[in-house]
Amino acid sequence: MKRHTRFAVILLLVLSSLLFSTSPSHSQRPTNVEQRVDALLSQMTLAEKLGQLQQLDGESDGNFRPEHLELIRKGLLGSTLNVRGAQRTNQVQRVAMTESRLKIPVLFGFDVIHGYRTIFPIPLAEASSWDPALAERSAAVAAQEANNAGVRWTFAPMLDIARDPRWGRITEGAGEDPFLGAAFARARVRGFQGDDYGATDKVLACAKHWVAYGAAEGGRDYNTTDLSENTLREIYFPPFKAAVDAGVGTVMSSFNAINGVPATANAFTLTKVLRDEWKFDGFVVSDYTSVKELINHGLVANEEDAAAVALNAGVEMEMVSRSYNAFGPKLLQQNKLSMATIDEAVRRILRIKFRLGLFDRPYTDEAREPSSLLRPDSIRLAREIAGRSMVLLKNDRDTLPLNKNLGSIAVIGPLADDRRAPLGWWAGDGKEENTITPLAGIKAKVPAQTKVGYAKGCDVKDDSTAGFQEAINLARQSDVAIVFVGETHDMVGEAASRSTLDLPGRQLELVQAIHATGKPTVVVLVNGRPLSIGWIVNNAPAILESWMGGSQAGNAIADTLFGDVNPGGKLPVTFPRNVGQVPMYYNYMNTGRPPEVENRYTSKYLDVPWTPLFPFGYGLSYTKFTITNLQLNAPRIAANGKLTVSVEVENVGPRVGDEVVQLYVRDPVATMTRPVKELKGFQRLTLQPGEKRRVEFVLDREHLGFWDREMRFVVEPGEFRVMVGSSSAEVIEAKFEVALHEK
Ligand code: BGC
C-alpha cells in the first residue's frame, strides 16, 4: 500500500469512529443509550413513568391543546399526535425541556402516510409501480418535510394485507400480496428512517396495524377477524417482519380482534411473536382509544382491567384514552400490574427517544421549515412517481396515447377538476391549492390552439343528472372525450367501507351517455380501491387507472394520456367482476373441485365467471413485450439450496416502455394445501424498442417454504413449479425438484 493511501485509510477510520461516537446510527446501537435509559428510569416517580406511556391528541389543525402544557410540565405526557409545525412543536418542547423536573422531551407523532406537504400517490398506487425504490424516495421526502415541521414520528407505513376491497383502508397499503407488501414495507421504513432516524431529515417509522386489521369480516372497518396461525404467518405477518428486520422503531396495535383476542391485548402477537421471536426492541403504541375499546370488545368490564391486559400484553404507549395513567397506581397495588412491566414499557419508549436523538436535539430549526416544503425536486418526484404508478387497463386500437395536436378535447366528469380527491384520505399537511387537477394538467400539456372544454356532468355522490346534457354537448363538439370518474377522498380510508364496488352515484350513466355520442371515449379512474367496472371494460376503448395520484396527479395523468410517460404499472390487487366474488385474490388454495366451464359441480358461481375482471399483476403498456425462454440453472436443488431462474424479455413494440416481470412458485403436493401460485420475485425494467434482456431471479428456502401443521417453517421435498410472466394470469412455466438429500 502506498504511503498516502495508507494515510487516507487511517484518516478515514479515525473520522468514521469519531462520526459514530458523536452521531450513532441506530443500527450502530450506541451502548450508552441503555445506560442513559437506566439512569433516567432510576430517577422517575411512578407518575412520571406512567406519563411517558401517554399520548394525547392535539387539535386537527396541528395546534396543541393548552391544557397539555400543564401535563408536560408535571411530566405526565410523553407524546402527542397531530401537533405539527416547527414553531408549535418547539413551544411545547420548551416546556418539557425547561420546566419539567426530568426534562424528558416530547415525541411528536403524525400520520405522514404518503407525504407531508408534497403529497405522493396513495400507497396502493405506489405499490402499482412495483418499484419499491420509488416508495423509498417518496418516504424520504415525506420524512424530510415532516422533520422540518417538527414531526419526529410518523404512523406509517401501513402494512395491512387487504384481500377485500370493500375495506376502505386498502387504499393505505400495498395491496393483497405478502411478498410485494414486504418489499414495500422495507422500502418505506428505509425511506422514513434511513440509517439513523435521528438525522435531521428523517423520522421514526411505525409499522401498523399489528395485525390482520385488513382481514376485517365483510370488509367492515374495525370488524373482527378469525384466521389460522398459518394464514397469519404466511399472509399477514410478512410485511411486518420485513419492517422489523429493516429496523422499524415502533409498531401500532390494531383495532380488530384476532381469533377472539383483540390485537391491543394479544400476548401472542405482541409478546410471543414481536418481542420473543422477532426480537423487536422498540415500542408498541395502541391505536386511537383502542385500549379503552377493549371494554366494547367484551374482553374486560372496565377501564382498569383494560389498562392491565393491554400493558401486560405488550402495548407500551396508550393513544388518547387514559387508562394507564388513571389506573396504573391502583393496578400496581393490587398486583395486577408489576413495576417490572411498567419499567419495561418506559424503557422501550425512552430507548427510542434516545436513539431518535430527542434529548440532544429536542428542537426544530424554525427557519428551515418554509424552504423545506414543496421543494421543486420534491414536486418533480411526485410527478414521476404518479406517472410510474398508473395502470393501463385497456387500450383498444391504440386509442392512447392521444395526439397533443387534437383540435378539441372534452374533459368530463366529477373528478376532472377535483383538487381534494387526488390527495387521498390521509393527506398529511397537504393543501388543495397545491394540487394539479387532471383538467389543469391537460391544459398545460396541449398547445394553445387545442380547445380544452370542461363539463362536470354529475357529482360523485348525489343522484342528479342535470349536468349530463352539457357534458354530452361538449363531447359532441370535441374530437375526443376523457371522462374522470371514481371516488371522492372520503369514500376510501378509515371508516369508509363500501358494500358495493360499483361506481358511486350516476357516474356509470354519465360514461354511457358520453360513449353513446360515438366520440372516442377514454375513461380515467380516480379511486382508492378496486372498482367493478364491467360495462366500461366491455365498451370504452381505453381505460387508465390513475388512482389518487397526489399533488401532481393532473400533470402525471396528462403525461400518460399524451404519451410522454408510457404506463408500466401493474395491479397490486385483484379487481373482482362484482362485489359478490369478494374475497378474491390470486394466491388462493385450490379446491377438490377446481372450476370447469362444463361441469356444474365445480367451485364457481352460477351467475358470474369465477375469474376476476383484472387479475393481480395485470397492466398494459403502449408497447408490447414478450417473455420467453424460461431457464433454470439446475433441474433439482437441496431444500436449503438456491435455484437461478431466468427469462428473456423483449420489447417487440414501437416505443420505449417498462415491463414488470413477475415470478410465481407453486408447491403442488405438500402436507398442507398450498396456494395455486405465490409471488416470489419481480423486476420492473425499461426496454428500448427491439431491446431484449435476460432477467434473473434467485429462489431459496425463504421462497419455497411454508408453515406446517406444527408451526415449523419447512421446505418439503418434491416437485415445484415456477412460473414467470407479465401478470399472475399470464405466465410460462417450468418444473424443478427439491431433493431431500442433495449435494
Ligand atoms: C388510525 C391510525 C392512525 C391514528 C392516529 C387511527 O384512527 O387507525 O391509523 O395512525 O388514528 O391518527
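Taking the mean number of other Cβ atoms within 10 Å as a proxy for protection, how do you rank 105-112, 121-128, 629-636, 700-707 from highest to lowest? Walk me through the intermediate numbers first.
Numbers: 105-112: 25.5, 121-128: 30.8, 629-636: 14.2, 700-707: 17.4.
Put in order of decreasing packing, that is 121-128, 105-112, 700-707, 629-636.
Between Val731 and residues 5 or more places away or on another chain, which pairs have amide H atoms under 5 Å apart, with H built 1.01 Å from N, and which residues are they?
none
Taking amide H positions as placed in the peptide plane 1.01 Å from N, state which residues far from Ile113 in sequence (5 or more) or on other chains have amide H under 5 Å from it.
So Ile113 has HN proximity to Gly428.
Can you give me the relative contact order of the stretch 454-584 as a percent, contacts being Cα pairs under 8 Å and 6 or more apart? Numbers along the way, then the final one.
Numbers: 182 pairs, mean separation 30.5, N = 131.
So the answer I get is 23 percent.
Output the Cα-based Rg and Dmax of the stretch 649-743 in Å, rounding Rg to one decimal and Dmax to a whole number.
16.1, 53
How big is the Cα convex hull of the stretch 526-685 in projection, averaged over all directions, in nm²?
Details: hull surface 52.3 nm².
Reported value for the Cα convex hull: 13.1 nm².
In percent, how large is the relative contact order of the chain, given Cα pairs closer than 8 Å and 6 or more residues apart?
Details: 1811 pairs, mean separation 94.8, N = 743.
Worked out over the chain, it gives 13 percent.
Mind putting together the pair-distance distribution for the stretch 238-381? All Cα pairs, 5 Å bins, whole percent per bin, short to long.
2, 10, 16, 19, 16, 13, 9, 7, 5, 3, 1, 0
Each label point is 7 Å from the Cα along the Cα-to-Cβ direction; what then is the distance between the points at Thr644 and Lys279, in nm?
3.1
What is the Å³ per residue value for the convex hull set by the Cα atoms of the stretch 326-447? The partial results should precede the final answer.
Working: hull volume 30.0 nm³, N = 122.
Output value, Cα hull per residue: 246 Å³.
Kirkwood hydrodynamic radius for the stretch 23-180: how many Å is it when counted over pairs of different Cα atoms? Could the numbers behind the result be given before it?
Numbers: mean 1/r = 0.0566 Å⁻¹.
About 17.7 Å, per the Kirkwood formula over Cα pairs.
Over the stretch 117-174, with a single point scatterer placed on each C-alpha, what log10 of the ratio I(q)/I(0) does the Debye formula yield at q = 0.28 1/Å?
-1.20
What are the trypsin sites (Lys or Arg not before Pro) within the stretch 273-381 that DSSP puts in a loop, where the Cβ has at most 14 other Cβ atoms within 10 Å?
Values: sites: Arg275, Lys279, Lys292, Arg322, Lys330, Lys336, Arg347, Arg348, Arg351, Lys353, Arg355, Arg368, Arg380; in loops: Lys279, Lys292, Arg322, Lys336.
Sparse-neighbourhood loop trypsin sites (Lys or Arg not before Pro): Lys279.
Under the Karplus relation 6.51 cos²θ - 1.76 cosθ + 1.60, θ = phi - 60°, what is the ordered set of whole-Hz ³J(HN,Hα) values for the stretch 711-726, x standing for Gly and Pro?
Rounded to whole hertz, the list is 6, 10, 7, 10, 10, 8, x, x, 7, 10, 10, 10, 10, 10, x, 9.
Taking N as the number of residues in the chain, what is its alpha-carbon radius of gyration divided by 2.2 N^0.38 Å?
0.99
Express the C-alpha Rg of the stretch 143-276 as a ratio against the empirical globular expectation 2.2 N^0.38 Å, rounded to two decimals.
Values: Rg = 14.5 Å, N = 134, 2.2 N^0.38 = 14.1 Å.
Compactness ratio reported: 1.03.
Using Cα positions and a limit of under 18 Å, work out the lysines in reach of Lys451, with same-chain residues fewer than 8 apart set aside.
Within reach: Lys404, Lys443, Lys519.
Just name one of Val608, Pro414, Ile637: the one whose Cα is farthest towards the positive end of the charge dipole of the chain (beta-carbon charges, Lys/Arg +1, Asp/Glu -1).
Comparing the listed Cα positions along the dipole, Ile637 ranks first.
Counting DSSP beta bridges with both partners in the chain, what percentage is antiparallel, nearest 5? Don't skip to the answer; put the middle values down first.
Working: 48 of 90 bridges.
Around 55 percent antiparallel, to the nearest 5.
Report ³J(HN,Hα) in whole Hz for each residue of the stretch 283-288, in order, from the Karplus equation J = 6.51 cos²θ - 1.76 cosθ + 1.60 where θ = phi - 60°; Gly and Pro get x.
Values, residue by residue: 10, 10, 9, 6, 7, 3 Hz.
Calculate the tail of P(r) for the stretch 484-597: the fraction of all Cα-Cα distances greater than 23 Å, expressed in %.
Details: 2481 of 6441 pairs.
Pairs farther apart than 23 Å: 39 percent.
For a quick check: with amide H placed at 1.01 Å from N, whose amide H comes under 5 Å from Ile409's, ignoring anything fewer than 5 positions away on the same chain?
Those lying under 5 Å, H to H, from Ile409 are Lys451, Val452, Gly453, Asp479.
Between Asp365 and Glu509, how many nm apart are label points set 7 Å from Cα along the C-beta direction?
For Asp365 paired with Glu509, the spin-label model returns 5.8 nm.
How high is the relative contact order of the stretch 95-182, given as a whole-number percent (alpha carbon pairs under 8 Å, six or more residues apart)? Don't jump to the answer; show the numbers that get you there.
Working: 108 pairs, mean separation 28.7, N = 88.
Once divided by the residue count of the stretch 95-182, the mean separation gives 33 percent.
Mind listing the phi-derived Karplus ³J(HN,Hα) values for the stretch 105-120, rounded to whole Hz, using 6.51, -1.76 and 1.60 with θ = phi - 60°, and x for any glycine or proline?
x, 7, 9, 9, x, 7, 7, 9, 8, 9, x, 9, 9, 6, 9, 8
Any read-out appearing in this document is the output of simple, stated calculations on the displayed coordinates, not a laboratory observation. All of these numbers come straight from a predicted model, not from anything done at the bench. As a convention, Cβ positions derive from the backbone with ideal geometry for all residues, glycine included, and neighbour counts pool all protein chains shown.
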